[in-house]
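Down below is the structure, laid out as structure tokens.
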Amino acid sequence: MSLCDTVLLRPYGEHIIMATPAQLGYRMPAEWEPHQATWLSWPHKESSWPGKFEQIEPVYARMVAALATSETVHINACDDDLAARARAHLEEAGATGDIRLHDFYTNDAWCRDHGAIFVVKEEGMRGDPSSFILHPSSLAATDWEYNAWGGKYPPSDLDNQIPARMAEYLNVPRFKGEMVLEGGSIDVNGQGLLLTSEQCLLNPNRNPELSREQIEARLRAFLGVQKILWLGEGIIGDDTDGHVDDISRFVAADTILTAVEDDPQDENYPILQENLRRLQLMTGLDGRPLRILSLPMPPPVVYEGQRLPASYANFYIANRIVLVPFYSHPNDQRAAAIIQACFPERRVVGIDCTDIIWGLGAWHCLTQQVPAV
């Protein structure tokens with residue numbers, strides 16, 4: 001299927017049309033743009049946190065409680081038993097607000113990567129008038145293939161169905177992206193720039209049949225971006241093969257906050273220095289250099305002899321708060337102050353992630369925003 005032969009799936013039927021989301025005026029908004037909700041998947045796979053699972057749900061519930069002060073929270077909760085367990089933990093955490101549990105089955109909890117990636121279209125945006133009848137919605141879901149980070153943790157069949165369930169519940173169009181893509185592997189500024197890493201998107205365990213140029217073309221076509229910015233490798237311990245949300249994040253249209261390791265003896269030092277060098281050479285659509293800010297790294301977090309991908313860059317920007325992973329170290333406050341300065345109108349909420357990171361992800365990995373339209 002070519003980029004022009006885009007499959008649009010709607011809750012009430014299927015259409016084949018000669019247009020891409022970008023051609024219809026859709027774009028992926030920046031994370032700091034208004035949300036109607038945050039979408040999550042309640043943790044239930046004990047092997048994702050071997051030996052620590054009983055500590056995970058209470059901390060996860062604290063995350064939900066914080067998010068619910070900011071916006072509606074949707075949670076994939078599989079069946080009645082899991083939903084009951086979730087409600088008990090949420091009550092204990094003091095969670096109030098609009099929290100909606102859905103009986104959508106998942107394999108794991110990492111909704112950033114298996115959830116739909118949403119795009120929006122403002123009124124008056126360009127679009128083929130003959131196709132607009134099929135695209136009346138200002139919100140649409142893009143549905144990419146998900147293979148559990150290169151087939152590392154099968155099965156992923158239930159996770160791969162979640163974008164369709166989300167789109168059906170929200171009653172919005174759904175576009176099939178026709179390649180493997182995880183939400184944590186990309187970050188956008190909402191104005192045409194997309195940041196990603198070579199280690200992940202060019203990895204043969206994702207889309208071996210696609211070239212860099214073909215991958216870029218598909219990102220442009222489905223997410224409405226114009227320029228792809230490539231970092232190199234991800235941090236040590238990251239089993240996702242270099243997700244960008246552990247490394248560098250847009251915090252404004254022209255500004256990227258990037259993790260930098262201070263210790264030259266640390267394994268992450270050369271990796272993050274190379275990414276910093278690349279960032280300093282990058283320009284926006286106007287040809288001007290981007291503004292690059294540094295974010296410290298926590299000290300190595302090691303459990304059972306395994307170094308974990310602990311990073312402050314895995315924060316999540318909600319409507320009223322910014323949820324930041326903490327690691328019981330003085331750098332927590334340094335990182336929080338830097339992030340707070342980037343979002344002065346939001347409240348930084350730091351929650352200890354020392355147990356959560358044993359699952360090899362943190363707050364951004366667990367969350368997926370639904371833009372407001």
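Some points to look at:
- Both radii were evaluated on the Cα set of segment 204-362; the Rg over Rh quotient, with Rh as the Kirkwood radius, amounts to 0.97.
- FRET efficiency estimate (nearest 0.05) - Cβ-Cβ, Asp80 to Ser211, R0 45 angstrom: 0.45
- Taking the charge dipole of the chain about its Cα centre, with +1 at Lys and Arg Cβ atoms and -1 at Asp and Glu Cβ atoms, the residue from Trp49, Gln280, Ala335 reaching farthest to the positive side is Gln280.
- Links that overshoot a 29 Å alpha carbon limit, given the list Lys121/Lys176; Lys121/Lys152; Lys45/Lys176: Lys121/Lys152
- Overall shape of the chain was characterised from the C-alpha gyration tensor. The equivalent ellipsoid obtained from it has semi-axes of 29, 25, 20 Å, in decreasing order.
- Computed P(r) (all Cα pairs; segment 163-293; 5 Å bins; percent): 2, 10, 19, 21, 19, 14, 8, 4, 2, 0, 0
- Stretch in the chain that is longest and holds no GluC sites (Glu not before Pro) that DSSP places in a loop and that have at most 15 other beta carbons within 10 Å: 1-121
- Cα centroid separation, segment 286-335 to segment 352-373: 12 Å.
- Mean Kyte hydropathy of 0.5 or more with a Cα span along the axis of at least 15 Å, helices from DSSP in the chain: 53-68
- Computed extension length for Arg334-Arg320: 3.0 nm, one decimal, from 0.36 nm per residue of separation with the Cα-Cα distance subtracted.
- Modelled spin labels at Arg100 and Glu267, positioned 7 Å past Cα toward Cβ, are 4.2 nm from each other.
- Looking at segment 277-321, the trypsin sites (Lys or Arg not before Pro) that sit in a DSSP loop and have at most 15 other Cβ atoms within 10 Å of their own Cβ are Arg320.
- Along each principal axis, Cα extent of segment 278-373, largest first, Å: 48, 34, 23
- Translational diffusion coefficient of segment 25-68 (Stokes-Einstein, Kirkwood radius from Cα pairs, 37 °C, 0.692 mPa s): 253 µm²/s.
- Dipole magnitude of the chain about its Cα centre (Cβ charges: Lys, Arg +1; Asp, Glu -1), debye to nearest 20: 1020 debye
The numbers here are math on the coordinates, done by the rules we state, and not lab data. The shown structure was predicted, so the numbers you read here are calculated from the model rather than taken from an experiment. Here the Cβ is made from the backbone with ideal geometry for all residues, glycine too, and neighbour counts use every protein chain on show.
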